[in-house]
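Read through the structure below, which is laid out as structure tokens, and then see the notes.
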Amino acid sequence: MGANITKVYLMNVPLENDYKHTLMFKTLAEQQYYFSGRAAAGKQYTDFSYQRKDKVIRVPEQYDTVLKYNYVMYQNAAYSNKWFYAFITDITYVNDDR
């Protein structure tokens, strides 16, 4: 897919994007541990190109596979060690070749 600079993890979290109920963590390490555990049960990709905030992330999966996930975390490792977290708000079928 890319130059191995970005990790993208699709997962399920017990949250809604209305932000009425959120999770609070005491430390950044605690937050990363929680979401990494969720990511382990989801889909993980380690070879994506640079991902931008509020942009489309294209994953090589069938539409029905992606429907079961509601959250994504990604890290542009060539840029920094920071993890970004976001709700999956739309899923669009592109083609049979994914």
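The values are calculated or read from the model by the stated rules, or taken from the named source; none is laboratory data. Not measured: the values here are computed from a predicted model.
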- Message: When you scan the stretch 77-91, do you find a residue that is modelled with pLDDT of 90 or more, acidic (D, E) and within 14 Å of the chain's Cα centre (by Cα), even just one?
- Response: yes
- Task: Could you list, in sequence order, all residues of the stretch 12-45 that are under 15 Å from P60 (Cα atoms) and not charged (D, E, K, R)?
- Result: G42, Q44, Y45
